[in-house]
Structure formats: C-alpha cells, structure tokens
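Participant: To start, I am sharing the structure in question, which I have written as structure tokens.
The values are calculated or read from the model by the stated rules, or taken from the named source; none is laboratory data. Model, not experiment: these values are computed from the prediction. Note that we place each Cβ from the backbone using ideal geometry, even for glycine, and neighbour counts take in every protein chain shown.
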Amino acid sequence: MESVVFIDGAFYLKREAKVSVFDHGFLYGDGVFEGIRAYSGRVFRLQQHLDRLYASAKALMLDVPIPPDEMADIVRESCRRNHLSDAYIRLVVSRGVGDLGLDPRKCAKATVVCIADAISLYPAELYARGMAVVTVPTRRTGTDQLNPRIKSLNYLNNILAKIEANSAGVAEAVMLNAEGQVVECTGDNIFVVRGGILRTPPPWVGILEGITREVVMDIARDAGVPVREEVLTRFDLWTADECFLTGTAAEVIPVVRCDERVIGSGEPGPVTVELIRRFRAFVQAEGTPIG
Ligand code: PXG
C-alpha cells in the first residue's frame, strides 16, 4: 500500500506529494524540521520535539500556520493513516512559496509537511561491534553564525562533514567548533566515558541540544553514573574508555575508533552497553499514544 504524506492541510499519495519549486525551503533552505520516532504505538518525546520546532521557527521569524496541539494531531494522524506503530516521522516547516528573491516577506504562508515512514534501522552489527569515526575539517556553524540550536533546513556544513567521513571510509564525522572543541556529529550528539564519568559537550560550544542526549543523561544519572557537561577536545576522544553517539535515528550507538585510535578495549564498553539496554526499555515505556 502506498504511503501518504501530509502537506498543508491534506494527505497526498507519496508519488503525488510535492511542493512548489518556488518554495523558499527549496530555493534557500529557509525552514526548520524535526525527526521524531514512534515506538510500539507511541510517539516518543513529542512535546519536546514540538517545542524545539516552534523555537527554531521563532528564531527565524517563521510563523507556523498550525498551532502545536494540531501539529501533534497531524503527527499521530500521519502514523495512523500509514498503519505505522513504529515510525520515523519528519516534520518540515518551510518559509513557503515566494518569488526568486530571498526576502521572506514575499512568502505569504509557511508550508507544513509531515512524513511518517518505516524506520530504516542501522545494521545491528554497528551496535554490537561499535563504529569508527573521524574528526573532520569542516566546522560546525558557530553560535555567532547560524546558531546550531536552530534545527534549520540548512545542513550544508554537516553534509560536507558527512562527505569527509565517507572519504575516510568511516560511518560518522565528529565536528569541532572554531576553537577546535568537540561539538557533535552530523546528526548525533557525542559522549565519552572516562574513569566511570560520563561527559558530553555543553550547549555553549555549539551543539544542537538533542532530545536523545537529554534522555540519556537522565538515564545515566538514574543508573548511578555521574554526568558532566564539559568541554572536550580530540585528546578526550582519543583517550576515552568508551564513546557513543545519541540521536533520534541512531538512538545510542557505540564508537570504538576515532581518528584511527582504538577507544578503550576496542569493543563497546560496559557503561555504553548498559545505557543502550536502559534506553531501549525506556522508549517502550512512555510516549504520546498514536491512538
Ligand atoms: N545534532 C544534530 C546536528 C542533529 O541534527 C542531533 C544532534 C540529535 O538530536 P535528537 O533530538 O534527535 O536526539 C541531531 C538530530 C537522521 C537525522 O535522520 C537526524 C537529525 C538531522 C538529520 C537527519 O539521522 N537530527
């Protein structure tokens, strides 16, 4: 059965789900988005994703033409119509249709899209054995530039970083800020464990404050693992006992090599394995029912 996609108030068959070439999301990357998961019939952290979406839109002075409670219904309805109880949901709000000038005032109304699709999981082997990453030359945009807290449609720095990881033959790129501090990966936050303490870069170095990151910090504290938000350098990655990434798509995924240095034992460490186990249980235990 063909899936359906919500665009501006109606559902369209996937092959007919199209937006205008004059949409400034397409012409300029002018817009915001969210990637959300549903597990076993419940949308995980829906309110937090909506809060971040509306905050990103506000920062760009982008009026979302649908209030948050209706947006929540659209997300749930998208899952229902596509008969999905486990889903990857993409919400996009773009500036809308305008002319060829970049002035957003020419765009009368924002375009709202909701796609609910089957989740394509990373290979189980990556979780069991861990992945390799490299630090890359392309920097994460600074907080004084395109603020990384805005989850915008402009991901070109991250895409360049991904290309650099591809060239190095590894699965992910670790991005640094202008000072060379560790920020995050192209679509995931990063953590290290050393001496039993979990460390992750603080918001001010220029991260997207990941919803999975927050959940994992809470889970770790509940498990009795001390958690610190601290500036990390490449040295801290190379000399960590354990390392992992967090994100809506990847969940919690171990990292066992960085810049050709073996991390810890070269296998996913005990804290990482325990947090993966707890995270998987946690996502099944809460969420907004799809209905
Ligand atoms: N950092 C960045 C730059 C991100 O884009 C995260 C961290 C993790 O945030 P959450 O809230 O998901 O824990 C993201 C996540 C994907 C994909 O399909 C994910 C993101 C962006 C684009 C694609 O893997 N964002």
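Participant: For a quick check of your reading of the model, give me the residue pairs whose first member lies in region 68-92 and is at negative phi, whose second is part of a helix (DSSP H, G or I) and surrounded by fewer than 19 Cβ atoms within 10 Å (Cβ to Cβ), with beta-carbon atoms closer than 7 Å and at least 6 apart or on different chains.
Facilitator: Qualifying pairs under 7 Å: 68/54.
Participant: Now for a different question. Sort through 173, 161, 165, 178 and tell me the only one that's touching a helix residue (DSSP H, G or I) at 6+ places or on another chain (Cβ under 8 Å) and either at pLDDT 95 or above or not assigned by TED's automatic domain parsing to the domain that holds residue 37 (or both).
Facilitator: Sole residue among the options that is touching a helix residue (DSSP H, G or I) at 6+ places or on another chain (Cβ under 8 Å) and either at pLDDT 95 or above or not assigned by TED's automatic domain parsing to the domain that holds residue 37 (or both): 173.
Participant: Also, I was wondering about something else. Check region 153-174 and report whether any residue there is more than 22 Å from residue 275 (Cα to Cα) and among the aromatic types (Phe, Trp, Tyr).
Facilitator: yes
Participant: Quick check: is even one residue across region 43-55 away from the ligand (no atom under 15 Å from the Cβ) and either modelled with pLDDT of 95 or more or of a type outside the set (Gly, Ala, Ser) (or both)?
Facilitator: Scanning region 43-55 turns up no residue that is away from the ligand (no atom under 15 Å from the Cβ) and either modelled with pLDDT of 95 or more or of a type outside the set (Gly, Ala, Ser) (or both).
Participant: I need the full set of residues from region 79-93 which are closer than 18 Å to residue 8 by Cα and not β-branched (Val, Ile, Thr), in order please.
Facilitator: 79, 80, 81, 82, 90, 91
Participant: Are any residues in region 104-131 hydrophobic (A, V, I, L, M, F, W, C), in contact with a Gly (Cβ under 9 Å, 6 or more places away or on another chain) and over 24 Å from residue 35 (Cα atoms), and if so, which ones?
Facilitator: Those that are hydrophobic (A, V, I, L, M, F, W, C), in contact with a Gly (Cβ under 9 Å, 6 or more places away or on another chain) and over 24 Å from residue 35 (Cα atoms): 107, 108.
Participant: Any chance region 161-182 includes a residue that's within 12 Å of the ligand (Cβ to nearest atom), in a helix (DSSP H, G or I) and polar (S, T, N, Q)?
Facilitator: Checked region 161-182: no residue is within 12 Å of the ligand (Cβ to nearest atom), in a helix (DSSP H, G or I) and polar (S, T, N, Q).
Participant: Could you tell me which of the residues 85, 20, 56 is under 28 Å from residue 148 (Cα atoms) and over 19 Å from the mean Cα position of the chain (by Cα)?
Facilitator: Of the residues listed, the single one that is under 28 Å from residue 148 (Cα atoms) and over 19 Å from the mean Cα position of the chain (by Cα) is 20.
Participant: Those residues that are crowded, with 16+ Cβ neighbours inside 10 Å and out of contact with any helix residue (DSSP H, G or I) (no Cβ under 7 Å at 6 or more places or on another chain), I need them from region 239-255; list them, please.
Facilitator: Within region 239-255, 240, 241, 245, 250, 255 qualify.
Participant: Next up: Inside region 199-291, counting only helices (runs of 4 or more DSSP H) that do not spill past its ends, which hold 3 or more residues that are more than 25 Å from residue 148 (Cβ to Cβ)?
Facilitator: 270-285
Participant: Tell me, please, whether a residue that is in a strand (DSSP E or B) and at pLDDT 95 or above can be found in region 121-128.
Facilitator: So far as region 121-128 goes, no, none of its residues is in a strand (DSSP E or B) and at pLDDT 95 or above.
Participant: Continuing with the same structure: Consider region 133-152. How many of its residues are surrounded by fewer than 21 Cβ atoms within 10 Å (Cβ to Cβ) and among the aliphatic types (A, V, I, L, M)?
Facilitator: Total meeting the criteria: 3.
Participant: If you don't mind, another one. Six or more apart or on different chains, Cβ atoms under 8 Å: show the pairs whose first residue is in region 11-39 and assigned to a helix (DSSP H, G or I) and whose second is at pLDDT below 95.
Facilitator: Sorted first by the residue in region 11-39, then by its partner, the pairs are 14/2; 15/2.
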